[in-house]
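Novice: Below is the structure I would like to discuss, written out as structure tokens.
The values are calculated or read from the model by the stated rules, or taken from the named source; none is laboratory data. What you see is a predicted model; the values in this text were computed from it and never measured. Cβ coordinates were reconstructed from backbone atoms using ideal geometry, including for glycine residues, and neighbour counts include every protein chain displayed.
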Amino acid sequence: MSTFLSPEVQAGLDAARKQALKKSNRLSVRAGDRSFKILRSWNNGFSLDADEAPHLRGLVDMFDGTTHLSRCLIVASGEEGDEIEFEYKRTTEAADRQPLDFYRRPDAPIALLE
């Protein structure tokens, strides 16, 4: 049995694999007003589709659906096949409130009732 695939069949299989990765992963990166789906992610980086994403560099926001996860400083580290790989230089987790500039005791009152 031959394992040779014609270029058209191979291109179709690659497109189907890329589409399945996009559907299975909810993570996305937003740079300015443009948003890109993350194909794969790991501890110190992620990859985007080389056909859709430019060589991003700088500050981006990472989202899981509509939930803001973090703000990241990234740099493109290379290309592997049809994916561009990016590495984090710095990652700051997103918070739902402003950071305090003072220490709040755990037993501090929440409100003052009279």
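Novice: What are the residue pairs meeting all of these: first residue in the range 42-64, first residue acidic (Asp, Glu), second residue part of a strand (DSSP E or B), Cβ atoms under 7 Å, and 6 or more apart or on different chains?
Specialist: ASP49/LEU39; ASP49/GLU83; GLU52/PHE36; ASP61/ARG30; ASP61/HIS68; ASP61/ARG71; ASP64/LEU27
Novice: Out of everything in the range 75-114 that is of a type in the set (A, V, I, L, M) and free of Cβ contacts under 8 Å to residues at least 12 places away in the same chain, what residue ends up being nearest to VAL60 (Cα to Cα)? Break it down into steps so the answer makes sense when it comes.
Specialist: Step one: list which residues in the range 75-114 are of a type in the set (A, V, I, L, M), which gives 75-76, 84, 94-95, 100, 108, 110-113.
Narrowing further to those that are free of Cβ contacts under 8 Å to residues at least 12 places away in the same chain: 95, 100, 108, 110-113.
Values: ALA95: 16, LEU100: 24, ALA108: 36, ILE110: 35, ALA111: 37, LEU112: 41, LEU113: 43 Å.
Within the range 75-114, the match that is nearest to VAL60 (Cα to Cα) is ALA95.
Novice: Let me ask something else about it. Since PHE86 meets every condition but one in (1) surrounded by fewer than 10 Cβ atoms within 10 Å (Cβ to Cβ); (2) more than 15 Å from ARG34 (Cα to Cα), which condition does it not meet?
Specialist: (1)
Novice: Count, please, the residues in the range 41-58 that happen to be over 12 Å from VAL75 (Cα atoms), exposed (fewer than 13 other Cβ atoms within 10 Å of the Cβ) and modelled with pLDDT of 85 or more.
Specialist: Number of matching residues: 2.
Novice: Can you list the strands (runs of 3 or more DSSP E) lying wholly within the range 37-114 that have 2 or more residues being within 11 Å of the chain's Cα centre (by Cα) and more than 26 Å from GLN10 (Cα to Cα)? Quick ask: steps written out before the conclusion?
Specialist: Details: elements: 45-49, 57-64, 67-80, 83-93.
Hits in the range 37-114: 57-64, 67-80, 83-93.
Novice: Do we find a residue being part of a strand (DSSP E or B), modelled with pLDDT under 90, of a type in the set (Lys, Arg) and in contact with a strand residue (DSSP E or B) (Cβ under 9 Å, 6 or more places away or on another chain) anywhere in the range 17-35?
Specialist: no
Novice: Read through the list (1) modelled with pLDDT of 85 or more; (2) loosely packed, with under 10 Cβ neighbours inside 10 Å, then give the number of the only condition that ALA95 fails.
Specialist: (1)
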